[in-house]
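Written below as structure tokens is the structure these notes are about.
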Amino acid sequence: MGPKGPVILVKTSELKPSEFCKGIYDLTPKEDFVESIGANGVLVPLWVTVDNKIIGGHRRWAAAMKLNLDTIPAQIVPDSDELSIESNRTRHKTWSERIKEAKKIKEILTQKAKERQLAGKKVDPGNDSDKGRTMDHVGKIMGTSRMTADHLLELEGKRPDLLEKIDVGRLSPFGAYKTMKMEENSARHRDEKLVVSLKSDVTPAIRLGDFRILGQGIPDNSVSLILTDPPYLEEHLPLWDDLGALAARVLKPGGYLVTYSGHFHLLTCMNALAKHLDYYWLMSLKHAGQSKVVFQRNLIADFKPILVFGKPPLGRNYRCFHDLIEGNGPEKTFHQWGQDVRAFEELIEDFCPLDGHILEPFAGGGSVIEACLNTKRNVTAFEIETGAHKILERRFLQTPTGVSNPNDQIPA
Ligand SMILES: C[S@@+](CC[C@H](N)C(=O)[O-])C[C@H]1O[C@@H](n2cnc3c(N)ncnc32)[C@H](O)[C@@H]1O
């Protein structure tokens, strides 16, 4: 497919790069390549058109320009995108470059098939075997099977982020395609669940923002129970003091703050809450499913602490409760840190009267909100992350007449 004509010398500065190649390849020559051209000259002639467009040899040309070489050897070829790809056949290419080449080749082959059809030949571009042949060729250009070529083209359209990971070697083409399909499936699964979401008379108030700001809108002594699951990492520890302060103001006297906690910073969390509230009890959520090995301590964690604090005066709880809750296991459909709804339902029944109002300052995927709706408690929830808040809105605020206004729901 290469040129057969003689090698001629052309003026380096009169050549122009091809837009097609600029769109596919990285045309910048590496330092050592420029040095080698400086030492040995351009040994392999460029491919150029009669009107000085470069079809092959952009990096040799860019190096010659850098080195101010007056002329450069070249051979004349027809102006053809296919030929540009051919001239780059031996180049080490990223997957993104290979995909761009493949797309171009696919376009060219499909166009050729149409032209043959128009010329009266019996070729149908919509015909499966014709398509198959095109994809075989595309696969060849990419150096993969036809199926992988198909997968990569789909990936390029939908997930450029995963393609970048293939280029830098963090994912294989197969691994990236599998990741894309798994994520699509779990999004579909989540959407199906959203459709059959809750049917409840209670409409939750769900606000986007920092609980320390939004909490200021909650009247004093208006909340029966704060039920929540804050982030547990060390960097989040300052939040616990603010949570305690908010609880001390908005809880009704005798109302509870019931919160999940991690183990590592338990003491700090409890001390922060104890600055503002009375300690009531330490409950535990028994982990379900796979054991959680805590490598740093060489142990297997079987439970998560549930801290119960309250706003004085705290007396005997209005109903007798078990301090060990059997969990169903985390539920990650709506949030990476999603918790089991049923355990929250039990805590609501234990610590909130039927007409009580619940506050959830760290809503995440909305397990507490769902538990409130299932147990028919009014709830106000805050979430700082836009993505998580959007999911909450879709889960809980779609009514037959549209999306309800969360601003109406703050307790009076
Ligand atoms: C552990 S997750 C809650 C998971 C939730 N229990 C569930 O089952 O889906 C904690 C959530 O608190 C949110 N968050 C962190 N800081 C916050 C803040 N200052 N105000 C409001 N939300 C915050 C995080 O974005 C995260 O979604």
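What number of residues in region 322-352 are over 25 Å from Arg207 (Cβ atoms) and away from the ligand (no atom under 16 Å from the Cβ)? Residues flagged as over 25 Å from Arg207 (Cβ atoms) and away from the ligand (no atom under 16 Å from the Cβ) within region 322-352 amount to 6.
When the test is whether a residue is under 25 Å from Arg170 (Cβ atoms) and either at pLDDT below 80 or touching a Ser or Thr at 6+ places or on another chain (Cβ under 9 Å) (or both), Lys93 passes it.
Residues in region 302-317 that are of a type in the set (Lys, Arg) and surrounded by 17 or more Cβ atoms within 10 Å (Cβ to Cβ) were compared, and the one that is nearest to Phe264 (Cα to Cα) is Lys304.
Of note, Asn88 satisfies the criterion of being open to solvent by less than 30 Å² (accessible area, probe 1.4 Å) and at pLDDT below 85. With the requirement that a residue be open to solvent by 10 Å² or more (accessible area, probe 1.4 Å) and either more than 16 Å from Ala247 (Cβ to Cβ) or more than 14 Å from the ligand (Cβ to nearest atom) (or both), what does region 353-362 give you? Those that are open to solvent by 10 Å² or more (accessible area, probe 1.4 Å) and either more than 16 Å from Ala247 (Cβ to Cβ) or more than 14 Å from the ligand (Cβ to nearest atom) (or both): Pro353, Leu354, Asp355, His357.
Here Asp355 fulfils each of the conditions (1) under 25 Å from Leu282 (Cβ atoms); (2) of a type in the set (Asp, Glu); (3) in a loop (DSSP other than H, G, I, E, B) apart from (1). The set of residues from region 258-279 being small (Gly, Ala, Ser) and in a helix (DSSP H, G or I) comprises Ala272, Ala274.
Against the conditions (1) under 20 Å from Val250 (Cβ atoms); (2) more than 12 Å from the ligand (Cβ to nearest atom), Val368 satisfies every one except (2).
Just checking, does region 170-192 include any residue being modelled with pLDDT under 80 and acidic (Asp, Glu)? Scanning region 170-192 turns up at least one residue that is modelled with pLDDT under 80 and acidic (Asp, Glu). Looking at Arg319, Arg297, which is the one that is away from the ligand (no atom under 16 Å from the Cβ), part of a loop (DSSP other than H, G, I, E, B), without any contact (Cβ under 8 Å) to a residue 60 or more places away in the chain and over 17 Å from Leu225 (Cβ atoms)? Result of the check over Arg319, Arg297: Arg297. All of (1) more than 30 Å from the chain's Cα centre (by Cα); (2) at pLDDT 95 or above; (3) under 23 Å from Leu246 (Cα atoms) hold for Asp323 with one exception: (3). Look at region 251-273: where a residue is touching a residue at least 12 places away in the same chain (Cβ under 8 Å) and open to solvent by 10 Å² or more (accessible area, probe 1.4 Å) and a partner is part of a loop (DSSP other than H, G, I, E, B) and of a type in the set (Phe, Trp, Tyr), sitting 6+ places away or on another chain with Cβ atoms under 7 Å, you get Gly262/Tyr232; His265/Tyr232. Checking Lys30, Lys100 one by one, the residue that is basic (Lys, Arg), within 30 Å of Glu164 (Cα to Cα) and in contact (Cβ under 8 Å) with a residue 60 or more places away in the chain is Lys100 and no other. Across region 98-105, not a single residue is classified as at pLDDT below 85, outside any helix (DSSP H, G or I) and basic (Lys, Arg). Looking at region 280-292, is at least one residue outside any strand (DSSP E or B) and over 25 Å from Asn328 (Cβ atoms)? Within region 280-292 (the criterion being outside any strand (DSSP E or B) and over 25 Å from Asn328 (Cβ atoms)), the answer is no, since none of the residues qualifies.
Filtering region 218-250 to residues that are within 14 Å of the ligand (Cβ to nearest atom), open to solvent by 10 Å² or more (accessible area, probe 1.4 Å) and closer than 15 Å to Pro312 by Cα leaves Ala245, Leu246. Of everything in region 31-70, what is open to solvent by 30 Å² or more (accessible area, probe 1.4 Å), of a type in the set (S, T, N, Q) and not in a helix (DSSP H, G or I)? Give them in sequence order. Result: Asn52, Asn68.
The values are calculated or read from the model by the stated rules, or taken from the named source; none is laboratory data. All of these numbers come straight from a predicted model, not from anything done at the bench. Methodologically, a virtual Cβ is constructed for each residue, glycine included, from the backbone with ideal geometry; neighbour enumeration extends over all protein chains shown. Only protein heavy atoms, including side chains, enter the accessible area calculation; ligands, DNA and RNA are left aside. Shrake-Rupley method; radii C 1.70, N 1.55, O 1.52, S 1.80 Å.
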